[in-house]
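Colleague: Sending over a structure as C-alpha coordinates; questions will come in a sec.
The values are calculated or read from the model by the stated rules, or taken from the named source; none is laboratory data. Quick caveat, the model's predicted, so the values are computed rather than measured. Here the Cβ positions follow ideal geometry from the backbone for every residue, glycine too, while neighbour counts run over all protein chains shown.
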(Lines give C-alpha, C1' and ligand atoms only; values in the text may rest on other atoms or scores of the structure.)
Protein backbone atom coordinates (compact mmCIF):
# COMPACT_ATOMS: atom_id res chain seq x y z
CA UNK A 1 0.00 0.00 0.00
CA UNK A 2 1.42 3.35 -1.05
CA UNK A 3 1.99 6.21 1.39
CA UNK A 4 0.02 9.32 0.72
CA UNK A 5 1.37 11.56 3.48
CA UNK A 6 2.34 14.83 1.94
CA UNK A 7 2.85 16.92 5.09
CA UNK A 8 3.69 15.25 8.35
CA UNK A 9 2.40 17.04 11.43
CA UNK A 10 3.23 16.26 15.05
CA UNK A 11 0.31 14.34 16.48
CA UNK A 12 1.00 15.95 19.88
CA UNK A 13 1.29 19.67 19.15
CA UNK A 14 0.50 19.88 15.40
CA UNK A 15 3.86 21.38 14.49
CA UNK A 16 5.26 20.66 11.03
CA UNK A 17 8.84 21.10 12.27
CA UNK A 18 9.68 17.44 12.06
CA UNK A 19 12.95 15.56 11.69
CA UNK A 20 13.40 11.94 10.66
CA UNK A 21 15.54 10.04 13.16
CA UNK A 22 15.38 6.68 11.30
CA UNK A 23 13.27 5.25 8.48
CA UNK A 24 9.61 6.11 9.12
CA UNK A 25 10.44 7.34 12.66
CA UNK A 26 10.25 11.07 13.41
CA UNK A 27 10.78 13.57 16.24
CA UNK A 28 8.99 16.89 16.71
CA UNK A 29 11.41 19.75 17.11
CA UNK A 30 8.85 21.74 19.09
CA UNK A 31 7.77 19.31 21.81
CA UNK A 32 10.28 16.43 21.32
CA UNK A 33 7.53 13.86 20.72
CA UNK A 34 8.61 10.81 18.73
CA UNK A 35 6.24 9.01 16.39
CA UNK A 36 6.27 6.54 13.45
CA UNK A 37 4.00 5.43 10.62
CA UNK A 38 2.25 2.04 10.46
CA UNK A 39 2.39 1.00 6.81
CA UNK A 40 -0.63 -1.29 7.01
CA UNK A 41 -3.28 1.11 8.20
CA UNK A 42 -1.46 4.42 8.15
CA UNK A 43 -1.87 4.70 11.90
CA UNK A 44 0.39 7.25 13.57
CA UNK A 45 1.94 6.21 16.91
CA UNK A 46 3.68 8.73 19.11
CA UNK A 47 5.70 8.88 22.36
CA UNK A 48 6.04 12.07 24.40
CA UNK A 49 9.23 12.70 26.44
CA UNK A 50 9.66 15.50 28.95
CA UNK A 51 12.72 17.55 28.06
CA UNK A 52 15.71 16.86 30.42
CA UNK A 53 17.33 19.44 32.65
CA UNK A 54 20.27 19.69 30.28
CA UNK A 55 17.91 20.62 27.41
CA UNK A 56 16.25 23.36 29.42
CA UNK A 57 19.26 24.80 31.30
CA UNK A 58 22.78 25.46 30.24
CA UNK A 59 25.75 24.32 32.34
CA UNK A 60 26.24 27.78 33.89
CA UNK A 61 22.63 27.99 35.01
CA UNK A 62 22.85 24.52 36.57
CA UNK A 63 25.91 25.55 38.56
CA UNK A 64 24.10 28.59 39.95
CA UNK A 65 21.11 26.47 40.93
CA UNK A 66 23.32 23.93 42.66
CA UNK A 67 25.00 26.70 44.66
CA UNK A 68 21.63 28.13 45.72
CA UNK A 69 20.42 24.71 46.84
CA UNK A 70 23.62 24.13 48.83
CA UNK A 71 23.43 27.49 50.61
CA UNK A 72 19.77 26.93 51.44
CA UNK A 73 20.48 23.54 53.00
CA UNK A 74 23.40 24.96 55.03
CA UNK A 75 21.35 27.87 56.40
CA UNK A 76 18.46 25.54 57.28
CA UNK A 77 20.73 23.18 59.20
CA UNK A 78 22.41 26.06 61.05
CA UNK A 79 19.06 27.58 62.06
CA UNK A 80 17.70 24.25 63.26
CA UNK A 81 20.88 23.62 65.23
CA UNK A 82 20.56 27.03 66.88
CA UNK A 83 16.93 26.35 67.82
CA UNK A 84 17.97 23.01 69.30
CA UNK A 85 20.76 24.62 71.38
CA UNK A 86 18.53 27.43 72.59
CA UNK A 87 15.85 24.99 73.60
CA UNK A 88 18.34 23.05 75.70
CA UNK A 89 19.39 26.21 77.53
CA UNK A 90 15.81 27.12 78.41
CA UNK A 91 15.10 23.64 79.71
CA UNK A 92 18.02 23.74 82.18
CA UNK A 93 17.24 24.50 85.82
CA UNK A 94 19.37 26.79 87.96
CA UNK A 95 22.49 24.80 88.93
CA UNK A 96 23.27 24.18 92.60
CA UNK A 97 27.03 24.48 92.07
CA UNK A 98 29.18 26.73 89.93
CA UNK A 99 29.16 25.09 86.49
CA UNK A 100 32.76 26.10 85.89
CA UNK A 101 33.90 23.61 88.53
CA UNK A 102 31.09 21.05 88.47
CA UNK A 103 31.63 17.75 86.76
CA UNK A 104 29.27 16.70 83.99
CA UNK A 105 25.86 15.54 85.27
CA UNK A 106 26.72 16.47 88.87
CA UNK A 107 24.42 18.28 91.30
CA UNK A 108 25.56 19.28 94.81
CA UNK A 109 22.90 20.40 97.29
CA UNK A 110 24.20 22.17 100.40
CA UNK A 111 23.04 21.16 103.87
CA UNK A 112 25.48 23.18 106.02
CA UNK A 113 28.59 25.35 105.76
CA UNK A 114 30.99 25.11 108.70
CA UNK A 115 33.66 27.87 108.93
CA UNK A 116 36.92 27.40 110.81
CA UNK A 117 40.57 28.46 110.96
CA UNK A 118 42.64 25.80 109.22
CA UNK A 119 46.37 25.34 108.72
CA UNK A 120 48.33 28.49 109.58
CA UNK A 121 45.05 30.13 110.58
CA UNK A 122 43.73 30.22 107.02
CA UNK A 123 40.02 30.74 106.29
CA UNK A 124 38.51 27.33 105.46
CA UNK A 125 34.93 26.11 105.16
CA UNK A 126 33.59 22.56 105.27
CA UNK A 127 30.56 22.29 102.99
CA UNK A 128 28.27 19.36 103.79
CA UNK A 129 25.73 18.24 101.21
CA UNK A 130 24.20 15.62 98.93
CA UNK A 131 25.98 14.80 95.67
CA UNK A 132 23.90 13.44 92.76
CA UNK A 133 25.62 12.12 89.62
CA UNK A 134 24.38 10.67 86.33
CA UNK A 135 21.11 11.27 84.48
CA UNK A 136 17.62 10.46 85.74
CA UNK A 137 17.89 6.82 84.66
CA UNK A 138 21.29 6.10 86.22
CA UNK A 139 21.40 8.71 89.00
CA UNK A 140 23.33 7.82 92.17
CA UNK A 141 23.53 9.77 95.42
CA UNK A 142 26.13 10.12 98.13
CA UNK A 143 26.72 12.46 101.06
CA UNK A 144 29.97 14.37 101.11
CA UNK A 145 32.05 16.97 102.91
CA UNK A 146 34.04 19.33 100.70
CA UNK A 147 36.71 21.63 102.09
CA UNK A 148 37.54 24.98 100.47
CA UNK A 149 40.19 27.64 101.02
CA UNK A 150 38.04 30.78 100.97
CA UNK A 151 40.77 33.28 100.06
CA UNK A 152 42.16 31.17 97.20
CA UNK A 153 38.66 29.93 96.31
CA UNK A 154 39.96 26.44 95.66
CA UNK A 155 38.81 23.01 96.79
CA UNK A 156 41.10 21.24 99.26
CA UNK A 157 39.44 17.85 99.65
CA UNK A 158 36.33 15.78 98.93
CA UNK A 159 35.24 13.16 101.48
CA UNK A 160 32.31 10.73 101.28
CA UNK A 161 30.49 10.62 104.62
CA UNK A 162 29.70 7.27 106.30
CA UNK A 163 25.96 8.04 106.53
CA UNK A 164 22.86 6.94 104.61
CA UNK A 165 21.12 10.33 104.87
CA UNK A 166 21.95 13.95 105.66
CA UNK A 167 19.00 15.62 107.37
CA UNK A 168 20.77 17.73 109.97
CA UNK A 169 24.32 19.04 110.48
CA UNK A 170 25.34 21.13 113.50
CA UNK A 171 28.72 22.10 114.89
CA UNK A 172 30.50 23.85 117.74
CA UNK A 173 34.11 24.79 118.40
CA UNK A 174 34.87 23.91 122.02
CA UNK A 175 37.27 25.97 124.12
CA UNK A 176 39.85 23.18 124.04
CA UNK A 177 40.13 23.70 120.26
CA UNK A 178 38.14 20.66 119.07
CA UNK A 179 35.69 21.25 116.24
CA UNK A 180 32.74 18.95 116.88
CA UNK A 181 30.28 17.99 114.13
CA UNK A 182 26.92 16.29 114.75
CA UNK A 183 25.18 14.62 111.79
CA UNK A 184 21.52 13.52 111.78
CA UNK A 185 21.51 14.01 115.58
CA UNK A 186 22.89 10.49 116.00
CA UNK A 187 26.55 10.62 114.89
CA UNK A 188 29.35 12.59 116.54
CA UNK A 189 32.47 13.53 114.57
CA UNK A 190 35.57 15.61 115.20
CA UNK A 191 37.08 17.60 112.33
CA UNK A 192 40.85 18.01 112.66
CA UNK A 193 41.58 21.64 111.75
CA UNK A 194 45.18 20.84 110.75
CA UNK A 195 44.96 17.57 108.82
CA UNK A 196 41.33 18.14 107.72
CA UNK A 197 40.51 14.54 108.70
CA UNK A 198 36.98 13.73 109.89
CA UNK A 199 36.94 11.16 112.70
CA UNK A 200 33.89 9.58 114.34
CA UNK A 201 34.10 9.90 118.12
CA UNK A 202 33.37 6.81 120.22
CA UNK A 203 35.09 7.63 123.51
CA UNK A 204 31.69 7.89 125.22
CA UNK A 205 31.53 4.08 125.11
CA UNK A 206 34.05 4.01 127.94
CA UNK A 207 31.64 5.92 130.22
CA UNK A 208 29.21 3.67 132.08
CA UNK A 209 26.27 6.10 131.85
CA UNK A 210 26.62 6.28 128.05
CA UNK A 211 27.82 2.76 127.29
CA UNK A 212 24.51 1.74 125.74
CA UNK A 213 24.94 4.39 123.04
CA UNK A 214 22.70 7.31 122.23
CA UNK A 215 19.42 7.53 120.37
CA UNK A 216 19.96 11.27 119.83
CA UNK A 217 22.75 13.72 120.51
CA UNK A 218 22.77 17.52 120.23
CA UNK A 219 24.73 20.45 121.60
CA UNK A 220 23.50 21.91 124.88
CA UNK A 221 23.37 25.37 123.33
CA UNK A 222 25.32 27.98 121.37
CA UNK A 223 26.26 30.01 124.47
CA UNK A 224 25.91 27.17 126.96
CA UNK A 225 28.50 24.70 128.22
CA UNK A 226 30.81 22.90 125.82
CA UNK A 227 28.89 19.65 125.88
CA UNK A 228 26.01 17.53 124.64
CA UNK A 229 22.45 16.72 125.60
CA UNK A 230 22.04 13.00 124.98
CA UNK A 231 19.08 10.65 124.94
CA UNK A 232 20.50 7.20 125.55
CA UNK A 233 19.23 4.08 123.84
CA UNK A 234 17.61 3.21 127.17
CA UNK A 235 15.60 6.46 127.12
CA UNK A 236 17.59 8.39 129.73
CA UNK A 237 18.45 12.07 129.23
CA UNK A 238 22.01 12.96 130.14
CA UNK A 239 24.30 15.99 129.83
CA UNK A 240 27.86 15.10 128.88
CA UNK A 241 30.78 17.56 129.12
CA UNK A 242 33.78 15.87 127.42
CA UNK A 243 36.45 18.42 128.40
CA UNK A 244 35.99 17.50 132.08
CA UNK A 245 34.59 14.05 131.22
CA UNK A 246 31.50 14.37 133.42
CA UNK A 247 27.91 13.19 132.97
CA UNK A 248 24.93 14.91 134.64
CA UNK A 249 21.22 14.34 134.91
CA UNK A 250 19.14 17.35 133.90
CA UNK A 251 18.68 18.55 137.49
CA UNK A 252 22.35 17.99 138.34
CA UNK A 253 23.42 19.98 135.30
CA UNK A 254 21.26 23.04 135.96
CA UNK A 255 22.36 23.13 139.59
CA UNK A 256 26.01 22.89 138.49
CA UNK A 257 25.73 25.94 136.20
CA UNK A 258 25.53 28.25 139.23
CA UNK A 259 27.88 26.41 141.58
CA UNK A 260 31.27 27.80 142.58
CA UNK A 261 34.07 26.68 140.29
CA UNK A 262 37.03 24.71 141.68
CA UNK A 263 39.81 26.74 140.00
CA UNK A 264 38.26 29.77 138.30
CA UNK A 265 39.88 32.61 136.42
CA UNK A 266 38.49 36.09 135.83
CA UNK A 267 37.20 36.40 132.28
CA UNK A 268 36.34 39.66 130.49
CA UNK A 269 33.45 39.45 128.03
CA UNK A 270 30.94 41.59 126.13
CA UNK A 271 27.21 41.40 125.51
CA UNK A 272 24.28 43.60 124.57
CA UNK A 273 21.41 44.24 126.94
CA UNK A 274 17.89 43.25 125.92
CA UNK A 275 14.60 45.17 125.89
CA UNK A 276 12.24 44.00 128.64
CA UNK A 277 8.49 44.03 129.25
CA UNK A 278 9.05 45.89 132.51
CA UNK A 279 10.95 48.78 130.88
CA UNK A 280 10.44 48.50 127.10
CA UNK A 281 11.74 51.98 126.21
CA UNK A 282 15.11 51.70 127.91
CA UNK A 283 17.90 51.85 125.30
CA UNK A 284 19.98 48.82 124.38
CA UNK A 285 23.53 49.06 125.75
CA UNK A 286 26.82 47.36 124.91
CA UNK A 287 28.07 45.92 128.20
CA UNK A 288 31.60 45.00 129.21
CA UNK A 289 31.66 42.66 132.20
CA UNK A 290 33.87 40.30 134.18
CA UNK A 291 32.91 36.89 135.57
CA UNK A 292 34.39 33.80 137.13
CA UNK A 293 35.14 31.20 134.47
CA UNK A 294 36.71 27.78 134.06
CA UNK A 295 37.13 26.04 130.71
CA UNK A 296 34.93 22.97 130.27
CA UNK A 297 32.75 23.50 133.36
CA UNK A 298 28.97 24.02 133.31
CA UNK A 299 27.58 27.45 132.54
CA UNK A 300 24.40 28.60 130.82
CA UNK A 301 22.84 31.55 129.02
CA UNK A 302 19.65 31.74 131.13
CA UNK A 303 20.48 35.28 132.17
CA UNK A 304 20.83 38.62 130.43
CA UNK A 305 21.39 42.30 130.98
CA UNK A 306 18.29 44.50 130.73
CA UNK A 307 16.24 46.67 133.07
CA UNK A 308 13.86 44.57 135.16
CA UNK A 309 11.97 44.32 138.45
CA UNK A 310 14.28 42.42 140.79
CA UNK A 311 12.73 40.61 143.74
CA UNK A 312 16.05 39.51 145.19
CA UNK A 313 16.17 35.99 146.57
CA UNK A 314 12.38 35.60 146.58
CA UNK A 315 11.06 32.56 144.74
CA UNK A 316 7.68 32.08 143.09
CA UNK A 317 5.29 34.34 141.19
CA UNK A 318 4.98 37.99 142.23
CA UNK A 319 2.19 40.45 141.43
CA UNK A 320 2.80 44.18 141.16
CA UNK A 321 5.98 45.97 142.14
CA UNK A 322 5.79 45.40 145.87
CA UNK A 323 9.09 44.20 147.23
CA UNK A 324 10.96 44.78 143.97
CA UNK A 325 13.54 47.25 142.78
CA UNK A 326 14.66 48.37 139.34
CA UNK A 327 17.83 46.54 138.35
CA UNK A 328 19.92 46.10 135.21
CA UNK A 329 20.37 42.39 135.99
CA UNK A 330 18.38 40.29 138.44
CA UNK A 331 19.80 38.65 141.54
CA UNK A 332 19.19 35.26 139.90
CA UNK A 333 21.01 36.44 136.75
CA UNK A 334 24.03 37.61 138.74
CA UNK A 335 24.35 34.18 140.33
CA UNK A 336 23.94 32.28 137.04
CA UNK A 337 26.51 34.51 135.30
CA UNK A 338 28.97 34.28 138.21
CA UNK A 339 29.14 38.04 137.65
CA UNK A 340 31.81 40.24 139.24
CA UNK A 341 31.15 43.68 137.70
CA UNK A 342 29.84 45.37 134.54
CA UNK A 343 29.77 48.77 132.79
CA UNK A 344 28.26 50.51 129.76
CA UNK A 345 31.09 50.23 127.21
CA UNK A 346 29.79 52.83 124.71
CA UNK A 347 27.63 55.37 126.59
CA UNK A 348 25.20 57.30 124.39
CA UNK A 349 25.44 54.92 121.42
CA UNK A 350 22.24 53.65 119.79
CA UNK A 351 21.89 50.03 118.72
CA UNK A 352 19.06 48.06 117.11
CA UNK A 353 19.06 44.27 116.54
CA UNK A 354 22.67 44.11 117.79
CA UNK A 355 24.95 41.09 118.22
CA UNK A 356 28.43 40.60 119.61
CA UNK A 357 30.12 38.59 116.85
CA UNK A 358 33.59 38.02 118.30
CA UNK A 359 35.98 39.42 120.90
CA UNK A 360 39.33 38.89 122.59
CA UNK A 361 41.45 41.00 124.91
CA UNK A 362 42.30 43.45 122.13
CA UNK A 363 39.37 43.76 119.72
CA UNK A 364 35.60 43.47 119.60
CA UNK A 365 33.50 42.88 116.46
CA UNK A 366 29.80 43.78 116.62
CA UNK A 367 26.88 43.98 114.21
CA UNK A 368 23.86 46.28 114.58
CA UNK A 369 21.32 48.41 112.75
CA UNK A 370 21.68 52.17 113.27
CA UNK A 371 17.91 52.86 113.31
CA UNK A 372 14.68 51.01 114.08
CA UNK A 373 13.58 51.11 110.42
CA UNK A 374 12.63 47.63 109.15
CA UNK A 375 14.82 48.07 106.06
CA UNK A 376 17.83 49.44 107.95
CA UNK A 377 21.10 47.84 106.82
CA UNK A 378 23.41 46.07 109.25
CA UNK A 379 26.66 47.80 110.23
CA UNK A 380 29.73 45.71 111.03
CA UNK A 381 32.00 47.55 113.44
CA UNK A 382 35.39 46.77 114.98
CA UNK A 383 36.21 48.35 118.35
CA UNK A 384 39.22 48.40 120.62
CA UNK A 385 38.37 46.07 123.54
CA UNK A 386 40.10 48.30 126.07
CA UNK A 387 39.20 51.84 124.98
CA UNK A 388 36.05 51.37 122.83
CA UNK A 389 37.77 53.30 120.04
CA UNK A 390 36.09 52.60 116.72
CA UNK A 391 38.55 51.16 114.18
CA UNK A 392 36.18 50.83 111.23
CA UNK A 393 32.51 50.45 110.29
CA UNK A 394 31.32 48.82 107.07
CA UNK A 395 28.33 47.21 105.40
CA UNK A 396 28.33 43.67 104.03
CA UNK A 397 28.80 43.12 100.26
CA UNK A 398 25.54 43.20 98.30
CA UNK A 399 25.83 39.49 97.47
CA UNK A 400 26.02 38.53 101.15
CA UNK A 401 22.59 37.84 102.66
CA UNK A 402 23.33 38.71 106.27
CA UNK A 403 20.03 38.01 107.98
CA UNK A 404 21.24 34.87 109.75
CA UNK A 405 24.95 34.18 110.05
CA UNK A 406 26.98 31.41 111.66
CA UNK A 407 29.31 32.21 114.59
CA UNK A 408 32.14 34.38 113.29
CA UNK A 409 35.62 32.83 113.14
CA UNK A 410 38.84 34.81 113.62
CA UNK A 411 41.41 33.77 111.02
CA UNK A 412 44.87 35.01 110.08
CA UNK A 413 43.50 37.13 107.23
CA UNK A 414 40.71 38.70 109.32
CA UNK A 415 37.19 37.46 110.01
CA UNK A 416 35.37 34.58 108.34
CA UNK A 417 31.62 35.25 108.20
CA UNK A 418 29.23 32.68 106.72
CA UNK A 419 25.52 32.64 105.93
CA UNK A 420 23.54 29.73 104.46
CA UNK A 421 25.45 29.62 101.13
CA UNK A 422 28.16 32.31 101.14
CA UNK A 423 31.56 32.68 102.80
CA UNK A 424 32.76 36.26 103.31
CA UNK A 425 36.39 36.88 104.25
CA UNK A 426 36.56 40.31 105.88
CA UNK A 427 40.09 41.63 106.30
CA UNK A 428 41.53 43.01 109.52
CA UNK A 429 41.45 46.44 107.84
CA UNK A 430 37.71 46.27 107.14
CA UNK A 431 38.08 45.47 103.45
CA UNK A 432 36.62 42.42 101.73
CA UNK A 433 39.34 39.92 100.76
CA UNK A 434 37.09 37.30 99.22
CA UNK A 435 33.45 36.35 98.73
CA UNK A 436 32.72 32.76 97.73
CA UNK A 437 29.17 31.71 96.88
CA UNK A 438 28.14 28.05 96.98
CA UNK A 439 24.91 28.03 94.93
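Colleague: Restricting attention to the range 239-265, and to residues there that are surrounded by fewer than 13 Cβ atoms within 10 Å (Cβ to Cβ) and in contact with a strand residue (DSSP E or B) (Cβ under 9 Å, 6 or more places away or on another chain), which single residue is nearest to residue 173 (Cα to Cα)?
Modeller: Only one residue tops the list, namely 265.
Colleague: Taking the range 402-439 only, how many residues are in contact with a helix residue (DSSP H, G or I) (Cβ under 6 Å, 6 or more places away or on another chain) and surrounded by fewer than 16 Cβ atoms within 10 Å (Cβ to Cβ)?
Modeller: Total meeting the criteria: 1.
Colleague: Which of the residues that make up the range 222-238 are touching a strand residue (DSSP E or B) at 6+ places or on another chain (Cβ under 6 Å) and over 19 Å from residue 337 (Cβ atoms)?
Modeller: Passing the criteria: 228, 229, 230, 231, 232, 233, 237, 238.
Colleague: Residue 127 versus (1) over 18 Å from the mean Cα position of the chain (by Cα); (2) in a strand (DSSP E or B): which is the lone unmet condition?
Modeller: (1)
Colleague: Are any of the residues in the range 257-276 modelled with pLDDT of 95 or more, within 28 Å of residue 206 (Cβ to Cβ) and in contact with a helix residue (DSSP H, G or I) (Cβ under 8 Å, 6 or more places away or on another chain)?
Modeller: Within the range 257-276, one or more residues are modelled with pLDDT of 95 or more, within 28 Å of residue 206 (Cβ to Cβ) and in contact with a helix residue (DSSP H, G or I) (Cβ under 8 Å, 6 or more places away or on another chain).
Colleague: Let me ask something additional. Look at the range 179-197 and say how many of its residues are in contact with a strand residue (DSSP E or B) (Cβ under 6 Å, 6 or more places away or on another chain) and touching a residue at least 60 places away in the same chain (Cβ under 8 Å).
Modeller: Residues flagged as in contact with a strand residue (DSSP E or B) (Cβ under 6 Å, 6 or more places away or on another chain) and touching a residue at least 60 places away in the same chain (Cβ under 8 Å) within the range 179-197 amount to 5.
Colleague: Using the structure shown, decide if residue 306 is in a loop (DSSP other than H, G, I, E, B) and more than 30 Å from residue 419 (Cβ to Cβ). Can you show your working first?
Modeller: On the way: in a loop (DSSP other than H, G, I, E, B): yes; more than 30 Å from residue 419 (Cβ to Cβ): no.
Taking the combined requirement at face value, the residue does not satisfy it.
Colleague: In addition: Output the number of residues of the range 135-194 satisfying the condition of being farther than 21 Å from residue 437 by Cα and in a strand (DSSP E or B).
Modeller: 16
Colleague: Now for a separate question. Of the conditions (1) more than 20 Å from residue 256 (Cβ to Cβ); (2) crowded, with 18+ Cβ neighbours inside 10 Å, residue 325 clears all except one; give me its number.
Modeller: Checking residue 325 against (1) more than 20 Å from residue 256 (Cβ to Cβ); (2) crowded, with 18+ Cβ neighbours inside 10 Å, the one that fails is (2).
Colleague: A follow-up question, please. Could you go through the range 356-376 and let me know if any residue there is surrounded by 14 or more Cβ atoms within 10 Å (Cβ to Cβ), farther than 26 Å from residue 177 by Cβ and over 25 Å from the mean Cα position of the chain (by Cα). So that I can check it myself, show each step before the final result.
Modeller: So in the range 356-376, the residues surrounded by 14 or more Cβ atoms within 10 Å (Cβ to Cβ) come out as 356-359, 363-370.
This time we only want the ones that are farther than 26 Å from residue 177 by Cβ, so: 368-370.
Subsequent filtering for residues that are over 25 Å from the mean Cα position of the chain (by Cα) retains 369-370.
There is at least one residue in the range 356-376 that is surrounded by 14 or more Cβ atoms within 10 Å (Cβ to Cβ), farther than 26 Å from residue 177 by Cβ and over 25 Å from the mean Cα position of the chain (by Cα).
Colleague: Output yes when any residue across the range 244-251 is farther than 23 Å from residue 177 by Cα, modelled with pLDDT of 95 or more and not assigned by the TED database to the domain that holds residue 210, and no when none is. Walk me through how you get there before you give the answer.
Modeller: Taking the range 244-251 first, the residues farther than 23 Å from residue 177 by Cα are 249-251.
When the remaining residues are screened for being modelled with pLDDT of 95 or more, the result is 249-251.
If we keep only those that are not assigned by the TED database to the domain that holds residue 210 as well, we get none.
No, the range 244-251 has no match at all.
Colleague: Which residue, of 290, 268, is touching a residue at least 60 places away in the same chain (Cβ under 8 Å), in contact with a strand residue (DSSP E or B) (Cβ under 6 Å, 6 or more places away or on another chain) and outside any loop (DSSP other than H, G, I, E, B)?
Modeller: Details: 290 fails: touching a residue at least 60 places away in the same chain (Cβ under 8 Å).
Of 290, 268, the one residue that is touching a residue at least 60 places away in the same chain (Cβ under 8 Å), in contact with a strand residue (DSSP E or B) (Cβ under 6 Å, 6 or more places away or on another chain) and outside any loop (DSSP other than H, G, I, E, B) is 268.
Colleague: Out of (1) closer than 21 Å to residue 366 by Cα; (2) crowded, with 17+ Cβ neighbours inside 10 Å, the odd one out for residue 300 is which?
Modeller: So the condition that residue 300 fails would be (1).
Colleague: I would also like to ask the following. Looking at the range 407-426 only, could you name the residues that are part of a loop (DSSP other than H, G, I, E, B) and within 13 Å of the chain's Cα centre (by Cα)? Don't jump to the end; show me each part of the working.
Modeller: To start, the set of residues in the range 407-426 that are part of a loop (DSSP other than H, G, I, E, B) comprises 407-408, 412-413, 419-421.
Of everything in the range 407-426, those that are part of a loop (DSSP other than H, G, I, E, B) and within 13 Å of the chain's Cα centre (by Cα) turn out to be 419, 420, 421.
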